[in-house]
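Below is one structure, written out as structure tokens, with a few remarks after it.
The values are calculated or read from the model by the stated rules, or taken from the named source; none is laboratory data. The model shown is predicted, which means the values in this text are computed figures rather than measured ones. Using ideal geometry, Cβ is built from the backbone for each residue, glycine included, and neighbour counts are taken over all protein chains shown. These accessible areas exclude ligands, DNA and RNA; they are computed on the full protein's heavy atoms, side chains included. Shrake-Rupley method; radii C 1.70, N 1.55, O 1.52, S 1.80 Å.
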Amino acid sequence: VLSGEAGIGKSRIVLALRERIRNEPRFRIGYSCSPHHMDSALWPVFVQLQRAAGYLREDASWLKLEKLEQLLDKAGGFGEDATPLLADLMGLPLLGRYAAPAGTPQEKKARVFGILLAQMEGLSRQRPMLMVLEDAHWLDPTSAELFERMVDRIRVLPILLVATLRPDVPT
């Protein structure tokens, strides 16, 4: 955890770390939090998924759905409901290719957490991972819960999680 007031160089330290290991075989996953999305559940996670899937602004919905499927395939199988669950939460239409996800909101959240944690574990077994969480003081409550669970799992995986935050920002 890199903690300190705004402007002291937390992001520069993260950048220097990325530069230092840029030639190392590893996955790099970055999450950025925003004060404008503190009420949007899992917003930093879905923005990262969109980036990792290679979404372009002009991509049609069917192409975004395909890219999400390909992204999930990279880390291993997650079951038939992985794509429709994530697509539904990301606001992607299912285009008749999948049934709408069933279950209570709590059941869907548990399954989404399971998929995201399994993806993290699957990728880290392929090669080490650098995970950066920028501005963690702006995490929404659902993302904070997910990251707490990630920290529990990271202890036994080849993952370095670096989180930046300002201790003086009320959450």
Rounded to two decimals, what is the ratio between the C-alpha radius of gyration of the chain and 2.2 N^0.38 Å?
1.06
Students often get this wrong, so check it: of 67/108; 10/74; 74/109, which have C-alpha atoms separated by over 28 Å?
10/74
Spin-label point model (7 Å from Cα, Cβ direction): what's the residue 110 to residue 19 distance in nm?
4.7
Would you mind pulling out the separation of the Cα centroids of the range 105-133 and the range 1-51, in Å?
16
Could you sort 129-139, 29-39 so that the peptide with the highest average Cβ count within 10 Å comes first and the rest follow in order?
129-139, 29-39
accessible surface per residue for the range 53-144, probe 1.4 Å, DNA/RNA/ligands not counted, whole Å² -> 49
